[in-house]
Amino acid sequence: MRQIVNQILRQLASGPKDFWQLIVKQDYSVKEFIHTLKELNNSGVIEKEGPLYKLNTKNLRKKPHKYLESKCPVCGIGIDLDNDFVYLKEQFRNLVRGRPLPSEEYDQGFMRQEDTVRRAVFMYERGDVEDKNIFILGDDDLLSLAIGLMKLSNLITVVEADRRIVDFINEKAKKLNLNKLQAIEYNAMKELPSDLCNQYHTFVTDPVETWLGFKIFVGRCIQSLKGAGCSGYFGLTHLEASLKKWYEFQKFLINCNFVITDILRDFSFYPEDDNKWQRFYSTYALYREMPDAGLPKIDWYRSSFIRIEAIDEINSPRLSSVSSSSEEGIYFDEEAWATPRKR
């Protein structure tokens, strides 16, 4: 089902709407929206009575899920977790207790719990969760569990190098009967297995922010997607990725036939106390340059959340395996000043 069709139908699942109530809740051009609305009406999927459109349940193969409101009622922009998604915030908080702590071996660090839930809700609001196959490369944030708790996706596959996280996700999924969620041990330095290629509608990753790291992590994710109209999400900082690097990243995405649709600046913060990564600071380039800065008393490391969408057939990058001798160049460059080194 095309994204725009899903966005229209899920609005009508809660009752009749007029033209303006529908157009404000979709993401495409006026031309595309009107053409789609007419197609749905002509095919009998929806009906028009006066100014209102409504679902024709007789011609629906599957009734769409009712749209859950996620926008802040005050500003109309931010993500609100206190109404339709308050259950998700509370369930996720309980679920992640006892999670594995970050390891410098994999350049890990998890974001605040509420920020993980906000990511999941934003993806839902953009239409990339319901009835989708979702591919997640690296999941120390446990986003897969937040999405799984919604019980709206067809499939959620996590590929993760850290066995501790794989076991944690699978254990929690089994306990809660989230049978559409699976975690697999996989290192992104290896080629993506063929059975994971061209199978998914949505990907999520937090790439290493070197040029090679970005190409490997996001490139593997792009290989997982089915084709035009599919979407991807990734986190990116300004702390270890200069604007020149952002420019190179954007060129890579354009060459793969993707366009950036959303950038949520500083959407995710990484809690110092919860990550317990004070032990990492002595290995940071930042600390070597500023040894008298002391340890932070605030949460300062943050990332923006970016959404991309394939506008045409995807030009998947050709990526081979990365040798162990080349891994240094994946994780470190001249801007990696807050990335831990193995001690």
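Could you go through the range 288-303 in sequence order and give the Karplus-derived ³J(HN,Hα) for each residue, using 6.51 cos²θ - 1.76 cosθ + 1.60 with θ = phi - 60°, rounded to whole Hz, and x for Gly and Pro?
Working through the residues one at a time gives 5, 7, 10, x, 8, 6, x, 8, x, 9, 10, 7, 10, 7, 8, 9 Hz.
Between Arg2 and Gln91, what is 0.36 nm times their sequence separation minus the Cα-Cα distance? Round to one decimal in nm.
Details: separation 89, 0.36 × 89 = 32.04 nm, distance 3.10 nm.
Length difference between fully extended and current span is 28.9 nm.
Could you check the simple spin-label distance between Asp292 and Glu171, using points 7 Å along Cα→Cβ, in nm with one decimal?
So the two model labels end up 4.6 nm from each other.
Taking θ as phi - 60°, what are the ³J(HN,Hα) couplings along the range 185-201 by the Karplus curve (6.51, -1.76, 1.60), each to the nearest whole Hz, with x for Gly and Pro?
Values per residue, Gly and Pro as x: 6, 7, 9, 5, 5, 9, 4, 5, x, 4, 6, 9, 7, 6, 10, 10, 9 Hz.
Only bridges whose two residues both fall in the chain count here: according to DSSP, what percent of them are antiparallel, nearest 5? Mind dumping the intermediate values first?
Details: 21 of 40 bridges.
Expressed as a percentage, antiparallel bridges in the chain total about 50.
Give a residue-ordered list of calculated ³J(HN,Hα) values for the range 3-10 (Karplus: 6.51 cos²θ - 1.76 cosθ + 1.60, θ = phi - 60°; whole Hz; x for Gly, Pro).
Running phi through 6.51 cos²θ - 1.76 cosθ + 1.60 with θ = phi - 60° gives 4, 5, 5, 4, 5, 6, 5, 5 Hz.
What's the extension gain from Trp300 to Phe19 if we count 0.36 nm per residue and subtract their Cα-Cα distance? Intermediate results must be reported in sequence, preceding the final value.
On the way: separation 281, 0.36 × 281 = 101.16 nm, distance 4.39 nm.
Contour length minus Cα-Cα distance gives 96.8 nm.
Report, to the nearest 10°, how far helix 113-125 tilts away from the longest principal axis of the Cα atoms in the chain, using its own Cα long axis and a range of 0 to 90°.
30 degrees
Mind checking the full-extension length gain between Glu328 and Lys276? Use 0.36 nm per residue of separation minus the Cα-Cα distance, one decimal, nm.
16.3 nm
Over the chain, what relative contact order in percent results from Cα pairs under 8 Å that are six or more residues apart? List each step's numbers first, then the result.
Working: 585 pairs, mean separation 51.5, N = 343.
It comes to 15 percent, rounded to a whole number.
Out of the range 52-114, which GluC sites (Glu not before Pro) are coil in DSSP terms and have no more than 15 other C-beta atoms within 10 Å?
Values: sites: Glu69, Glu90, Glu104, Glu105, Glu114; in loops: Glu69.
Passing both the DSSP loop test and the Cβ count: Glu69.
Whole Å is fine, so just give me how far the alpha carbon centre of the range 193-244 lies from that of the range 106-147.
14 Å
Per residue Cα convex hull volume for the chain, in cubic angstrom? Walk me through the numbers before you get to the answer.
Details: hull volume 51.1 nm³, N = 343.
Roughly 149 Å³ of hull volume per residue.
Name the most mobile residue of Lys297, Lys132, Lys276, meaning the one with the largest mean-square fluctuation, in a Gaussian network model of the chain with Cα contacts below 10 Å.
Of Lys297, Lys132, Lys276, the most mobile in the Gaussian network model is Lys297.
Do any GluC sites (Glu not before Pro) in the range 152-248 lie in a loop, going by DSSP, with at most 14 other beta-carbon atoms within 10 Å of their beta carbon, and if so which? Don't jump to the answer; show the numbers that get you there.
Details: sites: Glu160, Glu171, Glu185, Glu191, Glu209, Glu240, Glu248; in loops: Glu191, Glu209, Glu240.
Of the GluC sites (Glu not before Pro), the ones in loops of the range 152-248 whose Cβ has at most 14 other Cβ atoms within 10 Å are Glu191.
Read-outs: derived from the displayed coordinates by stated rules, not from any lab. Given the structure is predicted, the values throughout are model-derived calculations rather than measurements. Counting neighbours? That spans all protein chains shown, and the Cβs are built from the backbone with ideal geometry, glycine included.
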